[in-house]
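Below is one structure, written out as structure tokens; comments come after it.
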2 protein chains.
Amino acid sequence: MNKSDILEKFGEKIKEYRKQKGFSQEQLAEKANLHRTYIGMIERAEKNITLLNIEKIANALDVKITDLINQQ
Amino acid sequence: MNKSDILEKFGEKIKEYRKQKGFSQEQLAEKANLHRTYIGMIERAEKNITLLNIEKIANALDVKITDLINQQ
DNA sequence: TTATAAACTACATACTATAATTAGCATATT
DNA sequence: AATATGCTAATTATAGTATGTAGTTTATAA
């Protein structure tokens, strides 16, 4: 995976909201029912996340999916 | 893959915008640099699409990603 | 201050599940 | 007829899971 702009922005948003809520990667992973290291990979834009997992993370962070995707 | 709500809504949106622009699945596939049958699978919610392909399709349809994801 | 322990994160694998690509044929629509 | 879509199935690429280790940060004790 070579990092793309959209994945990097997405990762930054996850990290931003996660910190804002005071969660560790591990805590977020548990809430989203995903693995700890996977959350790290997403934040570092190392994985091309699928829509179902985007939904899981958005729910865990209690934000809308559209909040995680910045455009224009 | 058992179909989920979010994937079904996403597929419907793709189809809706595609028709609105007067594209066939094949034409959209070509614009997005994806395969014809894959577009069909997405519209039928048979695949859990990744963020990079969501971006490709949004660009091909000339809409924002957030236009393809309806929430509340 | 210094050191040291604890929690957190980065990163390197390796493995498993499944997304993505493709071809072929059937059915539908015009 | 021609064009478009549905659907099966098989293969390849990669997303997702997991373990272990090293480095970082943060709090607390000395």
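The values are calculated or read from the model by the stated rules, or taken from the named source; none is laboratory data. Nothing here was measured: the structure is a model prediction, and the numbers come from that model. Cβ placement follows ideal geometry from the backbone for every residue including glycine, while neighbour counts extend to all protein chains displayed. These accessible areas exclude ligands, DNA and RNA; they are computed on the full protein's heavy atoms, side chains included. Shrake-Rupley method; radii C 1.70, N 1.55, O 1.52, S 1.80 Å.
Points to keep in mind about this one:
Condition check ((1) hydrophobic (A, V, I, L, M, F, W, C); (2) over 21 Å from A:E8 (Cα atoms); (3) away from DNA strand C (no atom under 11 Å from the Cβ); (4) modelled with pLDDT under 95) across all residues:
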residue: B:M1; (1), (2), (3), (4): yes, yes, no, yes
residue: B:K13; (1), (2), (3), (4): no, yes, yes, no
residue: B:L28; (1), (2), (3), (4): yes, yes, yes, no
residue: B:I39; (1), (2), (3), (4): yes, yes, no, no
residue: B:I42; (1), (2), (3), (4): yes, yes, no, no
residue: B:A45; (1), (2), (3), (4): yes, yes, no, no
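- For B:R18, the conditions (1) of a type in the set (D, E, K, R); (2) open to solvent by less than 20 Å² (accessible area, probe 1.4 Å); (3) farther than 24 Å from A:N70 by Cα all hold with the exception of (3).
- Verdict on A:I49 being touching a strand residue (DSSP E or B) at 6+ places or on another chain (Cβ under 9 Å) and either surrounded by 14 or more Cβ atoms within 10 Å (Cβ to Cβ) or within 12 Å of another protein chain (Cβ to nearest Cβ) (or both): yes
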